[in-house]
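Engineer: This is the structure I have questions about; it appears just below.
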Amino acid sequence: MGDNSGNTMNRLFTGKKVYLSGPMRGIPFFNARAFEDARRQIKSEAPCSFVFDPVKADQQHYGFYVWELPADYDWNTLPDNLPPLETIAKRDLRWVVDSDVLVALPGWEKSKGARAEIHTAFWVRKPIYAWPDLQEIIPDVEVTAEPPARPKVTAESIAEGLNRLRSQIAGAAKSEIPGVPEIAAGMSDSDPAELHHFQSGAVRSSDADNEAWHLMSPIGLRRVAETCREGERKYDAYNWEKGMPTAEILNHAIRHIYLYLAGDRSEDHLAHTAWNMLAAMHSEELWPELNAGTLRQEGCKAP
C-alpha cells in the first residue's frame, strides 16, 4: 500500500477499536493469513487501541491454533476443540457492537457470518470500510428507527446523582464486606475548618487535596477500562476480587512487560500491565492474609 493508504488508515483508525470481518469457513486455514495481514497492516499504519482478529481471538480465548490443522482438513467444518458456533457468534457480535469501526475483508458478501456482522455494525451505526481500498460500505438494508435520545443533563439531575452517591457511600460505611467500611470512611465529609472558599461564594471540601485525579491520562485509563471489559468477557466481572495474592498479580504484570519489549503486539500488553499493577495495590491493601509469606521482606530476605 502507498502513503495515501497509510494516511487514510491513520485518519480512520487511530485510537479506535477496529473489528475485522470476513469469510472464514470453506477457505484453507479459515482465511487466517488474510486476517493476519490486515491486522498487521492496520496496526503498523495507525496506533489503534485494538484490532479484533477472530482467528487470533480463537487462539487467545480457546487455545485453538489454526496452523496445527492438516492442509486437507474440511474447512467447512468447525473443529472439535472450539466451542459451539453460538458461543463464538455471541463473542464476535459483542465485539462488533463494542467496536468503533468495522473493516470487511474481500469475499464478505458470500459469507453468512460476515454479512451478519456487517449488518449488525450498520444497524448500530458503526462505519464500515472495505479492505484494502477502504471505501465505505453501506449494506443493502434500510434503517428507519432513530436512536433513543440521551437524557438531558441539568443542574437538577447532577444534584440528584450526587445525593444518590452520598446515600450509597453512607450505606457502604455500614457494610460488613471487608475493606468497604474503611474505604467509605475515608470519603467522609471534611472538617468545616478545612473547607475551600472561592471568590464566587462557593464552598468545597478539601478531602481531595491529596489526590490529583485530573492529572491521570485519559488515554491510559480508557485502555485499562477496555482491558477490564476484556477480562469480564473472559471470566466474569468480579472474578479477581475473590482474592489474588500480590505476587501472582505481579508475575502477570512482568510477563506483559517483557512480551511488549519483545515486540509482541497481539494484545494491549501495556494496559494489561497497568491493570495488574492496580490489582496488586488493591491486593496489598485489602488482602494481607493472602500475601503473608509470599513476597520478599526488607533487605531482600526470602519469605
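Engineer: Label 7 Å along Cα→Cβ of D72; the range 8-46 residues with amide nitrogen under 11 Å?
Structural biologist: Answer for the range 8-46: none.
Engineer: Shifting gears a bit: If you place +1 on the Cβ of every Lys and Arg and -1 on the Cβ of every Asp and Glu, how big does the dipole about the Cα centre of the range 215-291 come out, in debye to the nearest 20?
Structural biologist: 280
Engineer: With respect to the cross-link table entries K17/K56; K16/K242; K17/K242; K17/K234, which display a Cα-Cα separation exceeding 23 Å?
Structural biologist: Cα-Cα > 23 Å for K16/K242; K17/K242; rest within.
Engineer: Under a crude label model (7 Å from the Cα following the beta-carbon direction), how far is R233 from R125 in nanometres?
Structural biologist: Result for the modelled spin labels: 2.2 nm.
Engineer: Can you tell me which of 220-232, 65-77 comes out highest on packing, and rank the rest after it, using the mean Cβ neighbours within 10 Å?
Structural biologist: 220-232, 65-77
Engineer: Return an integer: the convex hull volume of the alpha-carbon atoms of the range 1-145, in Å³ per residue.
Structural biologist: Measuring per residue, one finds 114 Å³ for the Cα hull of the range 1-145.
Engineer: Return the FRET efficiency for the residue pair L290, Q135: r is the Cβ-Cβ distance, R0 is 35 Å, and the value is rounded to the nearest 0.05. Walk me through the intermediate numbers first.
Structural biologist: Working: r = 54 Å, r/R0 = 1.54.
Once rounded, the FRET efficiency stands at 0.05.
Engineer: Pop out the ³J(HN,Hα) list for the range 249-261 in order, Karplus 6.51 cos²θ - 1.76 cosθ + 1.60 with θ = phi - 60°, rounded to Hz; leave Gly and Pro as x.
Structural biologist: Rounded to whole hertz, the list is 5, 5, 4, 5, 4, 5, 4, 5, 4, 6, 5, 5, 5.
Engineer: The range 215-291: percent of C-alpha pairs farther apart than 20 Å?
Structural biologist: For the range 215-291, the share of Cα pairs beyond 20 Å comes to 33 percent.
Read-outs: derived from the displayed coordinates by stated rules, not from any lab. Note that the structure is a prediction, hence the values are computed from the model and not measured. Quick reminder, even Gly has a Cβ in these numbers, built from the backbone with ideal geometry, and neighbours come from all protein chains shown.
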